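The values are calculated or read from the model by the stated rules, or taken from the named source; none is laboratory data. Quantities reported herein were computed from a predicted structural model and do not represent experimental measurements. Cβ coordinates were reconstructed from backbone atoms using ideal geometry, including for glycine residues, and neighbour counts include every protein chain displayed.
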Amino acid sequence: MADKWLFSCLVYLEDEEGSIQKLCETLETDGWQNYGGYIIDNSGAGAPPYFYKLKTDNIMILMLHQSVDDWQASIDKIKDYEQDAGFNPDDLLGRSNILLAVGEDWENMMDADQQIVPTSEPLDLGLREGRLTRFMGNARVYLAGLPTYNPRYVKFLAQKLPVIESGLIRLQMVSSLMRDRNVTVNRERMEIDHRLSNVLHSNLVLEQGKLKAAEDLETQIQALSSAYGILSGDYSLLAEGHNKLNTAIQKLRNMMLNEPVLDIKPEALHELMMPYEQRLQEIQASLDELRLSRENHQAAIDVVRSKVDIMMSKTNIETQQQIKELMVLNTSMQKQSLTFQFAAGLIEFIVLAYYGHSLWKNLAHAAYENIPALIQFIFVLLFAGGTVYCTHLWAEYLQGEHHVKKQLIATTLILLIFFTVILVASILYSGGIH
């Protein structure tokens with residue numbers, strides 16, 4: 001009769017250590033030995049059952065190692081231990097059983113295994129000595145057959161194969177997470193793209209006033225920028241998951257290819273990794289769609305900004321035209337103002353000349369009669385003109401134009417000189433010059 005072993009692998013997170021510890025105590029109560037790791041010397045047929053723990057990253061593996069006569073009965077016994085310990089199977093990330101037989105006919109082993117997992121599909125992983133098949137179904141089962149007992153191969157089954165299985169469990173978890181994330185991101189992207197289509201085909205057809213249209217376009221730019229930010233965040237999220245999944249795939253692939261006792265064929269490795277590589281392709285396709293959608297949103301933002309710039313340019317042109325018209329009007333008003341100023345100055349000059357001449361005639365009649373008319377005319381014109389000019393300078397100075405101060409002083413002195421000359425002449429001529 002062939003020697004048989006059962007390696008039961010319970011994969012869990014470090015946070016569930018308390019629940020696992022209760023199961024370990026139950027096992028110890030029933031005679032199981034608690035070892036720190038795999039013990040080669042205790043792996044022979046008839047050796048007492050024992051358990052130990054393996055760790056990879058933040059994942060723990062409780063290994064139950066026992067020599068058995070009936071695989072199914074031993075698997076059922078482990079489930080009884082779990083019930084006695086109040087263990088909840090949902091606390092596990094996954095579990096698997098490695099069935100090892102030494103010196104057993106492979107066809108007989110396959111028939112026995114089909115009774116354990118009748119609905120599973122076999123995948124031949126290959127050993128350099130013996131056979132190794134993985135079954136997928138309600139429970140993961142590895143069936144290993146060795147022609148003779150080989151500690152090196154048994155150690156691989158007891159230590160390294162559980163780590164490989166935990167890597168596959170990790171891959172499945174990451175793949176499931178990325179599937180859900182991918183569905184959510186794609187749904188969100190499609191909604192955003194639909195809104196973008198509305199913006200490009202309808203919202204940019206402006207029918208309102210230009211001021212209102214400009215406000216609408218600014219609102220659209222904000223909405224498009226917000227959508228662009230969401231797409232960028234989704235892209236980063238998917239890219240991070242893509243890198244994590246790809247890294248896990250490559251790590252597990254290298255582990256299996258570099259394992260000395262494994263002789264896995266490329267097609268078998270491809271079949272094992274195919275679900276996860278397909279997930280990678282799906283995520284990559286979503287990343288490409290996100291990249292395209294992001295570029296479309298950037299283009300839409302540029303289009304809307306260009307439209308706003310064009311509208312602002314038109315508004316600036318209209319404003320400049322209005323300013324030009326105002327400048328023309330201002331120039332015309334300035335010309336009229338100059339005309340009015342000239343007319344007012346002329347009237348002021350005439351009034352001053354007339355009344356100045358009349359006052360001189362009435363106040364100093366004798367002097368007026370004795371001074372020649374030409375001299376009277378010249379002095380009256382000069383005095384009236386100087387007075388008009390001086391009053392204008394005074395007005396500018398009082399309005400803050402202090403740069404006319406020198407001209408104002410000079411003009412005032414000249415007027416005083418003229419006034420003094422007229423006064424002196426009037427006194428002299430009024431005394432009588434016959």
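A few comments on the model shown:
- Only residues that are under 13 Å from residue 5 (Cα atoms) and free of Cβ contacts under 8 Å to residues at least 24 places away in the same chain were counted across region 128-149, and they come to 0.
- Extreme residue, surrounded by the most Cβ atoms within 10 Å (Cβ to Cβ), among residues of region 108-145 that are at pLDDT 85 or above and either of a type in the set (Asp, Glu) or not assigned by TED's automatic domain parsing to the domain that holds residue 73 (or both): 124
- Test: residue in region 41-51 that is closer than 19 Å to residue 166 by Cβ and either at pLDDT 85 or above or of a type in the set (Asp, Glu) (or both): yes
- Residues in region 236-294 that are free of Cβ contacts under 8 Å to residues at least 40 places away in the same chain and charged (D, E, K, R): 240, 253, 267, 277, 288.
- Screening 409, 414, 422, 433 for residues that are in a helix (DSSP H, G or I) and modelled with pLDDT under 75 leaves exactly one candidate, 422.
- Filtered by the rule that a residue be buried (at least 17 other Cβ atoms within 10 Å of the Cβ) and either assigned to a loop (DSSP other than H, G, I, E, B) or of a type in the set (A, V, I, L, M) (or both), region 49-60 gives 49, 54, 59, 60.
- Scanning region 153-203 for residues that are over 27 Å from residue 101 (Cβ atoms) and in contact with a Ser or Thr (Cβ under 8 Å, 6 or more places away or on another chain) yields a count of 7.
- None of 283, 249 is touching a Phe, Trp or Tyr at 6+ places or on another chain (Cβ under 9 Å), part of a helix (DSSP H, G or I) and among the β-branched types (Val, Ile, Thr) except 249.
- Subset of region 408-427 [of a type in the set (A, V, I, L, M) and under 14 Å from residue 390 (Cα atoms)]: 408, 409, 410, 413, 414, 415, 416, 417
- So residue 72, is it within 15 Å of residue 97 (Cβ to Cβ), touching a helix residue (DSSP H, G or I) at 6+ places or on another chain (Cβ under 8 Å), modelled with pLDDT under 90 and not aromatic (Phe, Trp, Tyr): yes
- Qualifying residue in region 271-289 (condition: under 22 Å from residue 197 (Cα atoms), in the same structural domain as residue 199 (by TED's automatic domain parsing) and loosely packed, with under 14 Cβ neighbours inside 10 Å): yes
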